[in-house]
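Undergrad: First the structure, which I've put down as structure tokens, then a few questions once you've had a look.
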Amino acid sequence: MQTEDRQEIEEAKEAALEVLFHNAHGPYHGLPRTAGWGYPEPYTRDLMISIFGIAVSGNHKLLESIRRVLETLAKNQTERGHIPSLVHDKEDRGSSDTTPLFLLGVGIFRKVSGKSDFLNEAVEKALKWMEHQSPSDRCLVAQQPTSDWRDEQWVTGYGLYVNTLVYSYLRLLGQHERAGRILREMSRFTITGGTIHHHVHEGLVVKHKPYYAFWSYKIHSSERFDLLGNSIAILSGIASPSRAEEMISWIEEECAGMRKRGELAIDLPPNFFPFIKPEDPDWHVRYETYNKPGEYHNGGIWPFVCGFYVAALVAAKRYTLAMEKLVALTHIIKISNTGNVNFGFNEWLKAQDGKAMGQDWQTWSAALYLYAVKCVEEKRTPFFEEIRTIATQDV
């Protein structure tokens, strides 16, 4: 790594901590804010995902802020175990990923704090809630459209991203028998041909492709590529080392093609591709306003997702490529919407021109940058190392 790049990474780490310190105390019950200025609310999924970076920072103040978030979520948990979408508002419900992220967050906090029984009662209730999210009453959990972090994109039935979260928290919390079952279910092929045969159940493996399906339900599925879900599949060991290697090569080849076609201006993958276009059958009229091709959830470049991708490259032992992508990530987190800060840590960027389109000083953008740096520096992926080891033993 060049001296200039190393210096820029060090500066970016300091800037990321500044963002997290700034956002650690917001106007809602003193809970952390989701972004420096635009999102004062404590959004559950954003703050749960930020645990990865906060946990490896080793900073006591930040760890205390996330402990308060977890304890407040437990207090606002529904009777049946569901975790709300806003930390402080028990009536804001309906997200498919908040409860899995809470369980994953508790698992990580237990590791760093040494408190193995932290929030036991809330965890047991949340685990029971998740068991009831499977229409087939097996292990794969299903969701309604726009109910995960993609609030402007349809994921129907068994979504990859949410199920990678479920698998990961099951491993961290020692629920290995159930984790093994969900791994076997995910490893089935999606159903093609329009017919479901007796005792044949859908999975998330795509024939002749190295990555996992975006979602699958009965005879329906989407073979578009979900960077976050597939990155967690690599990190957690759902994807075997050989599949991970093949997937990464495919991602880089596809991105090179997009750059040649003018669809991608940055040396990092979009969160989702190929983009959904107006002429496609999975296009929704609302996308024209909120989810255009190459924007937002329909192919925008999200720094926090790219942080997971960098970590996945480390998990796959692609250390040189991981460093290259970390340098590229360091460059894009400098881009801001306002132009008033040296490091924007913006929410998302437009794929075609790299313009910052979301809110600056986004908590999860800063936190996942810290996590990506830690992974590259140490050539390991904290918290996922243990998960992958157990997964290997189960095979």
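Undergrad: Suppose the filter is more than 29 Å from VAL327 (Cα to Cα) and surrounded by 20 or more Cβ atoms within 10 Å (Cβ to Cβ); does THR34 pass it?
TA: No: the conditions fail for THR34.
Undergrad: Which of (1) closer than 27 Å to LEU63 by Cα; (2) within 16 Å of the chain's Cα centre (by Cα) does ASP117 not meet, given it meets every other one?
TA: (2)
Yes/no matrix, rows are residues, columns are (1) among the β-branched types (Val, Ile, Thr); (2) within 16 Å of LEU370 (Cα to Cα); (3) touching a Pro at 6+ places or on another chain (Cβ under 8 Å):
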{"site": "GLU14", "(1), (2), (3)": "no, yes, no"}
{"site": "ALA24", "(1), (2), (3)": "no, yes, yes"}
{"site": "PRO32", "(1), (2), (3)": "no, no, yes"}
{"site": "THR44", "(1), (2), (3)": "yes, no, yes"}
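Undergrad: Additional query: Just for the range 1-24: of the residues that are outside any helix (DSSP H, G or I) and surrounded by fewer than 18 Cβ atoms within 10 Å (Cβ to Cβ), which one is modelled with the highest pLDDT?
TA: Filtering first and then ranking leaves GLN2.
Undergrad: In the range 25-59, which residues are under 22 Å from the mean Cα position of the chain (by Cα), small (Gly, Ala, Ser) and at pLDDT 95 or above?
TA: ALA35, GLY36, SER50, GLY53, ALA55, SER57
Undergrad: Taking into account only those residues within the range 150-184 that are of a type in the set (S, T, N, Q) and part of a helix (DSSP H, G or I), which is surrounded by the fewest Cβ atoms within 10 Å (Cβ to Cβ)?
TA: Here the answer is SER168.
Undergrad: Could I ask something else about it? Does GLU324 satisfy the criteria of being within 19 Å of MET247 (Cβ to Cβ), modelled with pLDDT of 95 or more and among the charged types (D, E, K, R)?
TA: So GLU324 passes the test.
Undergrad: Given (1) in a loop (DSSP other than H, G, I, E, B); (2) more than 20 Å from the chain's Cα centre (by Cα); (3) not aromatic (Phe, Trp, Tyr), identify the lone condition not met by SER65.
TA: Of (1) in a loop (DSSP other than H, G, I, E, B); (2) more than 20 Å from the chain's Cα centre (by Cα); (3) not aromatic (Phe, Trp, Tyr), only one is false for SER65: (1).
Undergrad: Looking only at residues that are assigned to a loop (DSSP other than H, G, I, E, B), buried (at least 20 other Cβ atoms within 10 Å of the Cβ) and of a type outside the set (Val, Ile, Thr) in the range 120-141, which one is nearest to the chain's Cα centre (by Cα)?
TA: Among those residues, the one meeting the criterion is LEU140.
Undergrad: Additional query: Anything in the range 25-51 that is farther than 17 Å from PHE118 by Cβ, in a helix (DSSP H, G or I) and either free of Cβ contacts under 8 Å to residues at least 24 places away in the same chain or not β-branched (Val, Ile, Thr) (or both)? List them, or say none.
TA: Hits for the range 25-51 are ARG45, ASP46.
Undergrad: Hey, among the residues in the range 327-341 that are at pLDDT 95 or above and not hydrophobic (A, V, I, L, M, F, W, C), which one's nearest to the chain's Cα centre (by Cα)?
TA: THR330
Undergrad: Anything in the range 136-151 that is in contact (Cβ under 8 Å) with a residue 12 or more places away in the chain and farther than 14 Å from SER96 by Cα? List them, or say none.
TA: If the condition is that a residue be in contact (Cβ under 8 Å) with a residue 12 or more places away in the chain and farther than 14 Å from SER96 by Cα, then SER136, ARG138, CYS139 are the ones that fit.
Undergrad: Answer yes or no as to whether LEU73 is in contact (Cβ under 8 Å) with a residue 12 or more places away in the chain and crowded, with 21+ Cβ neighbours inside 10 Å.
TA: Criteria met by LEU73.
Undergrad: Using the structure shown, decide if LEU62 is closer than 22 Å to TRP129 by Cβ and either surrounded by fewer than 20 Cβ atoms within 10 Å (Cβ to Cβ) or among the aliphatic types (A, V, I, L, M) (or both).
TA: Taking the combined requirement at face value, the residue does not satisfy it.
Undergrad: Name the pairs: first residue in the range 101-114 and surrounded by 22 or more Cβ atoms within 10 Å (Cβ to Cβ), second residue charged (D, E, K, R), Cβ to Cβ under 6 Å, at least 6 apart or on different chains?
TA: Matching pairs, first to second residue: LEU101/ARG45.
Table: residues versus (1) touching a Gly at 6+ places or on another chain (Cβ under 6 Å); (2) assigned to a loop (DSSP other than H, G, I, E, B); (3) among the charged types (D, E, K, R); (4) surrounded by 20 or more Cβ atoms within 10 Å (Cβ to Cβ).
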residue	(1), (2), (3), (4)
ALA328	no, no, no, no
LYS334	no, yes, yes, no
THR338	no, yes, no, no
PHE343	no, yes, no, yes
LEU368	yes, no, no, yes
CYS375	no, no, no, yes
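The values are calculated or read from the model by the stated rules, or taken from the named source; none is laboratory data. Computed from a prediction, not measured in an experiment: that's the story for all the values here. All Cβ positions, even for glycine, are placed from backbone atoms using ideal geometry, and neighbour counts span all protein chains on display.
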